[in-house]
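Remarks on the structure that follows.
The values are calculated or read from the model by the stated rules, or taken from the named source; none is laboratory data. Source: prediction; values computed, not measured. Reconstructed Cβ throughout: ideal geometry from the backbone, glycine too, with neighbour counts over all protein chains shown. Accessible surface is based on the protein model in full, side chains and every heavy atom, while ligands, DNA and RNA are left aside. Shrake-Rupley method; radii C 1.70, N 1.55, O 1.52, S 1.80 Å.
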Amino acid sequence: MSTSMSVSVSAAASSSLPPLARRRSPPASRVPFKSLRSLPRILSSARKLLLPAASMATDGAAPAASSKRDLLIFDAEEDLAQSLAKYTADISKKFAAERGAFTVVVSGGSLIKALRKLAEPPYLETVDWSKWHVFWVDERVVPKDHADSNYKLAYDGLLSKVPIPTGQVYAINDALSAEGAADDYETILRQLVKNGVIAMSAATGFPKFDVMLLGMGPDGHIASLPRPPSC
Ligand SMILES: O=C1O[C@H](COP(=O)(O)O)[C@@H](O)[C@H](O)[C@H]1O
């Protein structure tokens with residue numbers, strides 16, 4: 001039996017993109033958060049979720065009625081992977097054309113496997129990988145070659161298979177303490193904001209990534225951050 005997974009997609013200006021997927025459904029029933037990883041998989045084992053959170057677009061503007069968060073449910077993980085690859089390829093094309101760079105944040109977990117089709121035809125050849133800049137949401141303070149490393153997961157599962165320039169893959173510095181690595185990452189992000197690789201939101205005045213792809217655990221956690229009880 002396959003396991004369930006969910007992916008939250010937060011995209012800047014995603015409303016101008018074609019719909020991500022094939023089928024829309026009403027919001028999933030809410031499940032109270034208990035404790036990290038202690039809950040059984042709460043989703044149907046055959047169903048996969050993809051959440052293109054248009055209303056969470058990093059622009060900060062109040063979402064229009066038509067851009068409410070969508071919950072897309074796939075009957076098969078294969079369908080989710082296909083749709084996610086197309087969505088990511090399309091959105092990277094849009095941002096690469098608009099501003100010459102595409103900034104994408106990834107988590108670890110099942111997301112990386114779900115992105116596998118980007119490393120296959122037609123995307124392997126048609127995506128302009130030279131415009132990609134890859135960042136992490138990562139709570140795992142382990143060396144990059146550790147079995148639990150989210151960097152290693154992404155490298156083995158995707159980044160080693162596509163021609164993104166090495167200097168545009170912003171791994172967290174594993175030679176530093178967690179606090180030092182956070183400061184180091186902030187310095188890098190500030191520099192990338194200064195040189196225009198990371199966009200600024202006109203609405204909020206804050207930097208914004210073009211898209212954030214976040215694997216969500218069955219209890220709603222992302223990067224070990226529990227889903228708030230009110231959600
Ligand atoms: O531990 C982690 O889990 C979450 C969710 O992972 P999933 O396998 O259930 O999709 C992920 O966001 C995070 O990066 C990872 O470190």
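Couple of notes before you dig in:
- Averaged per residue, the range 77-231 has 48 square angstrom of accessible surface, using a 1.4 angstrom probe with ligands and nucleic acids left out.
- Within straight-line reach of Lys208, meaning a Cα separation under 16 Å, sit the following aspartates and glutamates at least 8 residues removed in sequence or on another chain: Asp59, Glu98, Glu186.
- Members of Lys113/Lys161; Lys94/Lys131; Lys93/Lys152 lying beyond 20 Å, as alpha-carbon distances in this model show: Lys93/Lys152
- Rg/Rh ratio calculated on Cα atoms of the range 120-198 (Kirkwood radius): 1.00
- Theoretical FRET efficiency, 1/(1+(r/R0)^6), r = Cβ-Cβ of Ala203 and Asp128, R0 35 Å, to 0.05: 0.80
- Each label point was placed 7 Å from the Cα along the Cα-to-Cβ direction; for Glu186 and Ser224 their separation is 2.0 nm.
- Convex hull of alpha carbon positions in the range 162-216: directionally averaged projected area 5.6 nm².
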